[in-house]
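One structure below.
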Number of protein chains: 2
Amino acid sequence: MRQIPTIDDVVDARARLAGQAVVTPLLESAALNARVKGRVLIKAENLQRTGSFKFRGAWNCISRLTAETARGGVVAYSSGNHAQGVAAAAALMKLPALIVMPVDTPEIKKANTRSYGAEVVTYDRVRENREEIAGRIATERGAVIVPPFEHPQIIAGQGTSGLELVEQAAERGAKLDAVLAPVSGGGLIAGISLAVKARSPGTQIHSVEPEGFDDHARSLASGKRERNAKASGSICDALLSPEPGELTFAVNQSRLGAGLVVSEAEVRRAMVFAFHHLKLVIEPGGAVGLAAVLSGKIATEGRTIALIASGGNVDPALFAEILIAKD
Amino acid sequence: MRQIPTIDDVVDARARLAGQAVVTPLLESAALNARVKGRVLIKAENLQRTGSFKFRGAWNCISRLTAETARGGVVAYSSGNHAQGVAAAAALMKLPALIVMPVDTPEIKKANTRSYGAEVVTYDRVRENREEIAGRIATERGAVIVPPFEHPQIIAGQGTSGLELVEQAAERGAKLDAVLAPVSGGGLIAGISLAVKARSPGTQIHSVEPEGFDDHARSLASGKRERNAKASGSICDALLSPEPGELTFAVNQSRLGAGLVVSEAEVRRAMVFAFHHLKLVIEPGGAVGLAAVLSGKIATEGRTIALIASGGNVDPALFAEILIAKD
């Protein structure tokens, strides 16, 4: 297992991200506060470069590569936000990027990834293994693999969002009772937990997952890494990792409270609420924290809860369908 | 004519708004900058309380009312954003609010206005005069009329967005070549021009209007207040005032550059761009500045342009239709 990152790595990552990543705003809505009888602070990572927090970790990792180690560029496997984060970071470093994507990835996500100059190679989800394909290509090209979460620099990079959040909350005099973050492989919440527990030790941190993909909630309860039964079938396409990462779970196990789980209907309602009251486009996986707050999965009355709206990369047809659906 | 407000009124308004209005973020998108080969800063007033800048002026006006003058509460006429701004400000002051709205106002806008505790009275656009109705009710009740733009406190309140904009731009080392703002009666851009011309005299300020409702562009060119031929028929429902205000034009005439005009197709494309790349919900009238930038109505290459995304109150069915329309 790779080395476990620390708060120092998150602080170092922040210095590296300066001028490249967006210091995303911490937003607050009088309408939302009134609705939940508490104070909700929203870290708007959908406003991050490439439309999700993933640019943070990708840049922290890729910007440190030397000309020798990365002579063949970078390779990643992802069907979504990590692909765009890696492609954009590589383009800024003038490195070639190749992304391994499932052949059935929506054309818009392939096009977005290519728009940053990356090459896209497709594979068959059922018959082929993406890690193997990426590994073979990386070896052939002399390229570096940028994993989606199992890497200390990726975790530290994502953690910069948590560092900003704690400082932005303090600036406005808010004492954080809890921080909620969406979880897939656990890299974002691992980085956030390093930052939050170092700077605000009394703040609880909770993972939020969609029903059927609650591997972290079960793993945190059992104390060992549990797998999901299904590999697909949630509207939250960014949150489908089969199990917690080994490295991320080593960070998360001692720092997170109980995991929260939300239904698809709750996610849809949260996206519609964000449209009406926050004026934000939040993708399904990015809306689980808001869904948890709105559906009462965590106590809000008289408390201050921060949540990460982790991304906004949602297909327009799906967004439109959710907006006009009769609930 | 009422007294023309000054930068001092805007500064005073800011102190009054502190803790009630949102200091909205000034956003920047690498994707947008790359697209226009310049730097675009977006003042996200769609993230303001009630979903548009209108709360600023309403609060600046209503929070100054004394118990005697406002013993009967406040009255306003508006079919949209001003209604919500006045209703929310009155609710915070624990004053009754009555809003005169066209009988054919979409039910969702009436419901939003009522959600702040306001009473809604409807009138027939063709046969009745809303100013007369509001005036009669105000007299009967001993209530104060809060006009949408022809009032120095309203103008000064809206101008706080410009004051924040100039300071936020300076904080990030941006020298503003131009500021673009949507225009209906001209209150927002009047307040902004007071702030921007006082703090950054070399910055050009341009009104942006939808085709067919370009009364300001024509008035600025001719030097006198010109009227629109039509009273309705634009997707930009917030930008349909028939002519510049007398007071607002007195402020704007000497401070604005040439007016810009955008088509409905350009507005739709800007809203879709904002969905994909900014992850913001912007209403049609709020997207005219972005439309002007994206359609090349103003030179952007190598320049820094700030624009006001003035609101995000758009019907979900319309937003969905725009998202999925084939261009």
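Here residue A:37 is the anchor, and the lysines within straight C-alpha reach of less than 29 Å, apart from those fewer than 8 places off in the same chain, are A:175, A:197, A:279, A:297, A:326, B:43, B:54, B:94, B:109, B:110, B:279. Overall size of the protein assembly as shown from C-alpha positions, given as principal axis extents largest first: 76, 49, 41 Å.
Placing a pseudo-label 7 Å from each Cα along the Cα-to-Cβ vector at residue A:18 and residue A:254 gives an inter-label distance of 3.0 nm. The phi torsions of segment A:31-45, fed into the Karplus equation with coefficients 6.51, -1.76 and 1.60 and a -60° offset, translate into couplings of 5, 5, 4, 5, 4, 9, 6, x, 10, 10, 10, 10, 7, 8, 6 Hz, rounded to whole numbers, with Gly and Pro shown as x. Compared with the alpha-carbon gap, the fully stretched path from residue A:94 to residue A:107 is longer by 2.2 nm at 0.36 nm per residue. Each residue in A:124, A:177 was given a count of other beta-carbon atoms within 10 angstrom of its own, and listing them fewest first yields A:124, A:177. Among beta bridges from DSSP that stay inside chain B, the antiparallel ones total about 10%.
What FRET efficiency comes out for the pair residue A:4/residue B:132, r = Cβ-Cβ distance, R0 = 60 Å, nearest 0.05? That gives a FRET efficiency of 0.25.
Kindly put B:305, A:133 in sequence by how many other C-beta atoms sit within 10 Å of each C-beta, fewest to most. Each step should come with its number before you reach the end.
Working: B:305 25, A:133 16.
Fewest-to-most Cβ neighbours within 10 Å comes out as A:133, B:305.
In this structure, the amide hydrogen of residue B:121, modeled 1.01 Å from its nitrogen in the peptide plane, lies closer than 5 angstrom to those of B:99, B:100, B:101, counting only residues at least 5 positions away or on a different chain. The GluC sites (Glu not before Pro) of segment B:227-327 that DSSP puts in a loop, and whose beta carbon has at most 11 other beta carbons within 10 Å, are B:301.
What are the membrane-span-like helices in chain B by this rule: whole DSSP H runs, Cα extent along the axis at least 20 Å, mean Kyte-Doolittle hydropathy at least -0.5?
Working: long enough: B:152-171 (28 Å, 0.05).
Those that pass (Cα extent of 20 Å or more, hydropathy at least -0.5) are B:152-171.
Per-residue ellipticity at 222 nm computed for chain B from its helices equals -12000 deg cm²/dmol, with DSSP H segments shorter than 4 residues left out and the rest contributing -39,500 (n - 2.57). Around the Cα centre of segment A:55-145, unit charges on the Cβ atoms of Lys, Arg, Asp and Glu (plus for the first two, minus for the last two) sum to a dipole of about 260 debye. Rg then Dmax, both in Å and based on the Cα atoms of chain B: 18.5, 57. Among beta bridges identified by DSSP and lying wholly in the protein assembly as shown, the antiparallel ones come to about 15 percent. Taking a spot 7 Å from the Cα of residue A:175 along the direction of its beta carbon, which residues of segment A:192-211 have an amide N less than 14 Å from it? Hits in segment A:192-211 for residue A:175 at 14 Å: A:200-204. Counting every other Cβ atom within 10 Å of each residue's Cβ, B:37, B:54 order from fewest to most as B:37, B:54.
Bear in mind these aren't lab numbers, they're just calculated from the coordinates by the rules spelled out. Please read all numbers here as calculations on a predicted model, not as lab measurements. Cβ atoms come from the backbone with ideal geometry, glycine included; neighbour counts cover every protein chain shown.
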